[in-house]
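Novice: The structure follows.
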Amino acid sequence: MTSSVSPWQDALDGLRDIAAPAIAAIPIGLLFGAVAAGKGLSALEVALMSALVFAGGAQFAGIEIWTYPVPVAALAFSTLLINLRHVLMGASLAPKARFSAGWRLLTFGVMADENWALAERRALRAPVTLAYWGPMGALFWANWVLWSTLGALLGATMGPPERFGADFAFTAMFIGLIAGFVRGSPTLLVILASAAAGALVHRLAGAPWHVAAGALAGIGAAYALARPEATR
């Protein structure tokens, strides 16, 4: 599949696609910054964490157990477990990315659940070019760094996110993204298997084990439902 549109159009497509997730990330970024500031991190430290880690789930998990002295081993293990899904996400997206391995190594560092899902959905109908992926990832990264830093500066003045519905923003967004992947009963069954496993493990063992459980259940279901010719 080759792109029949200009790089400018690809870039505009990427920016348009990531606009809604970027808006949904604003209250979450503000909340993270405020929580991190409450744990004693400065605005500069929050900015560096968001820029270098760029993983909201892992950052929230890390800040949840943040104490002094910092429990380095516990932080490393919990964030590793949460972010292991990025290995699977990268392996899935790499064959569909129509740019060199060098550019993949450079730009996959800004891969998050949202832009990965958008790129996977785009791959169903058009090439995932560097012009599409690069600006989209850069904007989403900058958006997270900006609003989490601002949250650290505003601190406790933010108030609880529930009062303006921010706690449900990402949930609603992911429901929409997942709905776009449904292509008949096999994909629906994969989604349901992943969701059921994640919910069950979260109930029994809590975070962050449910992330790995959901991913593994989805992979297992996809393999079991694959057509024989697709597994050769």
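The values are calculated or read from the model by the stated rules, or taken from the named source; none is laboratory data. This one's a predicted model, so the numbers in the text were calculated from it and none came from an experiment. Because the Cβ atoms are built from the backbone with ideal geometry, glycine has one as well, and the counts that use them run over all protein chains shown. In case anyone asks, the SASA skips ligands and DNA or RNA and just uses the protein heavy atoms, side chains included. Shrake-Rupley method; radii C 1.70, N 1.55, O 1.52, S 1.80 Å.
Novice: Please give the contour-minus-distance gain from residue 12 to residue 200: 0.36 nm per residue of separation, less the Cα-Cα distance, rounded to one decimal in nm.
Specialist: Taking residue 12 through residue 200 to full extension adds about 63.7 nm, to one decimal.
Novice: Something else about it: Once Rh for the range 19-63 is found with the Kirkwood sum over Cα pairs, what is the Stokes-Einstein diffusion coefficient at 10 °C and 1.306 mPa s, in µm²/s?
Specialist: D = 149 µm²/s.
Novice: Hey, another quick one. If you roll a 1.4 angstrom probe over the protein chains with everything in place, what fraction of the accessible area of the range 12-134 belongs to carbon and sulfur, to the nearest %?
Specialist: Whole-percent figure for carbon plus sulfur exposure: 73.
Novice: How much accessible surface does residue 68 have with a 1.4 Å probe, in Å² rounded to 10?
Specialist: Counting only protein heavy atoms, the figure is 150 Å².
Novice: Moving to a separate point now. Within the set of other residues whose C-beta is less than 13 Å from the C-beta of residue 96, count the net charge using Lys and Arg as +1 and Asp and Glu as -1.
Specialist: It works out to a net charge of +4.
Novice: Let me ask you something else. Can you list the residues, at least 5 places off or on another chain, whose amide H is less than 5 Å from the amide H of residue 129, using H built in the peptide plane?
Specialist: 98
Novice: Taking a label point 7 Å from the Cα of residue 5 along the Cα→Cβ vector, which residues of the range 91-128 have an amide N closer than 12 Å to it?
Specialist: 122-123, 125-128
Novice: While we're here: Given the Cα-Cα distance of residue 153 and residue 64 and 0.36 nm per residue of separation, how much length would full extension add, in nm?
Specialist: 30.2 nm
Novice: What's the whole-number percent of alpha carbon pairs in the range 56-130 lying beyond 21 angstrom?
Specialist: In whole percent, the share of Cα-Cα pairs in the range 56-130 beyond 21 Å is 38.
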